[in-house]
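K.L.:
One structure, as structure tokens, below. Some questions next.
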Amino acid sequence: MAREVHLPRAMRLHVSSLSQGLLELLYPPACLACARVLPARAFFCEACDTAVERVPPNCCRTCAEPGTFPSSKCPRCHLHRPPFARAWAPFAHEGPVARVIHRFKYEDHPELAQPLGEQLAHEARSFLHRAPELLVALPLHARRFRERRYDQTQLLAGALAKATGRRAPMGLLSRARETQRQVGLSEAERALNVAEAFTASPAVAGQSLLLIDDVLTTGATARAAATALRDAGARQVEVLTVARAFSLTT
Ligand SMILES: [Zn+2]
Ligand SMILES: [Zn+2]
């Protein structure tokens, strides 16, 4: 609040801990997936926590598709080399993680960006250790932004940037045209749907970038976005998502 600016430092701290207390009262600690109220702040309740599935260590070295592959490369990456150096996610897109992503994206819960960003920072810490410093959110189309009133991926990238001391500037990547939702489309249809859907700012030239999204499925969207960034002169692109849908396994 603007009034806080004029208060002495000690009082400001007092006011800020008071508002923290009010926040706790208004938003008591709750499980991110099932919204059950918790005795202390945690990401998930006990039941959801035990149901969380992680991306297994045996996976494609480039795109994290689970499985054991010759030279650690899945058939998809082997056939068409991705425009990104590596893509990874800590979680499988299943159970409680799929639930929290759905709440964040479609059920008007922009406040989930902060805990999700913190959780991603924690779970992906070894990936982040040697990942690019500059974060770029996979952009939402203007029409969806109007419907949803928030851009969940930009909020997530902002929260991750805050948790890791990185930067997530806006405007580096934008949607050039509207695309259909990828859900329910075949792999070829997905690739066609997002081909040339993005344009990147000339400011990305010579930069290494970490592309942020919520879920990676076939990687068609990440490929299209990374291609736009590379075409605009980005030196290297890596991809980090909260969850990975396993698309080659049945
Ligand atoms: Zn729960
Ligand atoms: Zn792969």
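K.L.:
Ordering Lys162, Lys105 from largest to smallest accessible area (1.4 angstrom probe), what's the sequence? Each step should come with its number before you reach the end.
P.N.:
Values: Lys162 165, Lys105 40 Å².
Correct descending sequence by accessible area is Lys162, Lys105.
K.L.:
Kirkwood Rh, Cα Rg: Rg to Rh for the stretch 170-227?
P.N.:
Numbers: Rg = 11.9 Å, Rh = 12.2 Å.
That ratio equals 0.97.
K.L.:
Just the number please: accessible area per residue for the chain, 1.4 Å probe, all protein chains included, in Å².
P.N.:
Here the residues of the chain average 55 Å² of exposed surface.
K.L.:
Here's another thing I want to ask about it. Given H placed 1.01 Å from N in the peptide plane, which residues other than close sequence neighbours of Leu38 have an amide H under 5 Å from its amide H?
P.N.:
Under 5 Å from the amide H of Leu38 lie the amide H atoms of Ala30, Cys31, each far enough along the sequence or on another chain.
K.L.:
Which percent of the accessible area of the stretch 98-190 is formed by carbon and sulfur heavy atoms (probe 1.4 angstrom)?
P.N.:
Taking all protein chains in place, the stretch 98-190 shows 50 percent carbon and sulfur surface.
K.L.:
Same structure, new question: Mind telling me which of Ala87, Ala163, Ala225 comes out most flexible in a GNM of the chain, alpha-carbon contacts under 10 Å?
P.N.:
Sorting by GNM fluctuation, first place goes to Ala163.
K.L.:
Something else: I'd like the accessible area for Thr164: 1.4 Å probe, protein heavy atoms, all chains in place, Å² to the nearest 10.
P.N.:
40
K.L.:
Which whole DSSP H helices in the chain pass both tests: a Cα extent of 20 Å or more along the axis and a mean Kyte-Doolittle value no lower than -0.5?
P.N.:
Qualifying helices, which must be both long enough and hydrophobic enough, are 9-26.
K.L.:
Continuing with this model, one more query. By accessible area of protein heavy atoms, probe 1.4 Å, what ranking do Leu210, Leu38, Leu192 get, highest first?
P.N.:
Leu192, Leu38, Leu210
K.L.:
Would you kindly compute the Cα radius of gyration of the chain and its largest Cα-Cα separation (Dmax), both in Å?
P.N.:
For the chain, the Cα-based Rg and Dmax read 19.2, 64 Å.
K.L.:
Amide H to amide H under 5 Å from Leu134: which residues, 5+ apart in sequence or cross-chain, H placed 1.01 Å off N in plane?
P.N.:
For Leu134, whose amide H was placed from the backbone, the distant partners under 5 Å are Leu210.
K.L.:
To continue, here is another question. Please compute the length gained on full extension between Ala176 and Tyr27, using 0.36 nm multiplied by the number of residues separating them and subtracting their Cα-Cα distance.
P.N.:
49.9 nm
K.L.:
Would you pull out the residues with amide H under 5 Å of Cys59's amide H, same chain only if 5 or more places away, H placed 1.01 Å from N?
P.N.:
Under 5 Å from the amide H of Cys59: Gly67.
K.L.:
Mind checking which of Arg61, Arg230, Arg181 has the largest fluctuation in a GNM of the chain, springs on alpha carbons under 10 Å?
P.N.:
Arg181
The values are calculated or read from the model by the stated rules, or taken from the named source; none is laboratory data. Please read all numbers here as calculations on a predicted model, not as lab measurements. Only protein heavy atoms, including side chains, enter the accessible area calculation; ligands, DNA and RNA are left aside. Shrake-Rupley method; radii C 1.70, N 1.55, O 1.52, S 1.80 Å.
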